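The values are calculated or read from the model by the stated rules, or taken from the named source; none is laboratory data. Fair warning: this is a prediction, and the values are worked out from it, not measured in the lab. Note that we place each Cβ from the backbone using ideal geometry, even for glycine, and neighbour counts take in every protein chain shown.
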Ligand code: 5GP
């Protein structure tokens, strides 16, 4: 177990870089099997997915393309409160085999919202890939097709995931030390 300080908190090793690489290779192989003869479009959700996207991409042999989007949250002026917005979603995904690439699914709200927004652009299919999933934190069902690891609902950093902007560059995944 190795501890690391990110910003002002202490985190401890949770999933090693070696384990992550093995699992990402398996996910790449599963995508190759599922998309034989097709050209999927991987859409990464910034910023958290960048490391997973880069590794996953290098483990996919089938010809594929990538793009990135960003989800912003802000306080709306209506009583609905938190409103989200997708930035960078192109119209040219019509008829494409889309795989959304995320860092983590927590409540599932972002995933459900993204799937709805991407559906509006009429892709041929939508699947979801995430390196981490917190099943106990899910507030609504999310069909996640490629999951790296299911984890308990504790806060994690590393492998693209941040704490207050820091920690994304850590090769291993760390859990907040209680
Ligand atoms: P959801 O909409 O599923 O609740 O949240 C998804 C987003 O919340 C992720 O893309 C990520 O930015 C953030 N998030 C949720 N859990 C964690 C966590 O344990 N660590 C970090 N760094 N971000 C998290």
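Which residues, counting only those in segment 43-76, are touching a helix residue (DSSP H, G or I) at 6+ places or on another chain (Cβ under 7 Å) and more than 14 Å from the ligand (Cβ to nearest atom)? Selection gives 55, 56, 59, 60, 61, 62, 66.
So, residue 97, is that one without any contact (Cβ under 8 Å) to a residue 60 or more places away in the chain and crowded, with 16+ Cβ neighbours inside 10 Å or not? In short, no. Restricting attention to segment 130-144, which residues are farther than 15 Å from residue 161 by Cα and either surrounded by 15 or more Cβ atoms within 10 Å (Cβ to Cβ) or away from the ligand (no atom under 11 Å from the Cβ) (or both)? Correct list: 135, 136, 137, 138, 141, 142, 143, 144. In contact (Cβ under 8 Å) with a residue 40 or more places away in the chain, away from the ligand (no atom under 13 Å from the Cβ) and in contact with a helix residue (DSSP H, G or I) (Cβ under 9 Å, 6 or more places away or on another chain): is that true of residue 159 in this structure? No, not satisfied. Restricting segment 111-128 to residues that are crowded, with 19+ Cβ neighbours inside 10 Å and within 13 Å of the ligand (Cβ to nearest atom), the residue that is farthest from residue 29 (Cα to Cα) is 114.
If we scan segment 80-95, do we find a residue that is under 20 Å from residue 158 (Cα atoms) and either at pLDDT below 95 or within 16 Å of the ligand (Cβ to nearest atom) (or both)? Checked segment 80-95: no residue is under 20 Å from residue 158 (Cα atoms) and either at pLDDT below 95 or within 16 Å of the ligand (Cβ to nearest atom) (or both). Considering segment 60-79, the residues that are part of a strand (DSSP E or B) and modelled with pLDDT under 85 include one that is nearest to residue 24 (Cα to Cα), namely 72.
What do you reckon, is residue 90 crowded, with 19+ Cβ neighbours inside 10 Å, in contact with a strand residue (DSSP E or B) (Cβ under 8 Å, 6 or more places away or on another chain) and under 18 Å from residue 69 (Cα atoms)? So residue 90 does not fit the description; no.
Listed by first and then second residue, the pairs with beta-carbon distance under 7 Å, at least 6 apart or on different chains, first residue in segment 133-146 and closer than 14 Å to residue 101 by Cβ and modelled with pLDDT of 95 or more, second assigned to a loop (DSSP other than H, G, I, E, B) and within 11 Å of the ligand (Cβ to nearest atom), are 133/144.
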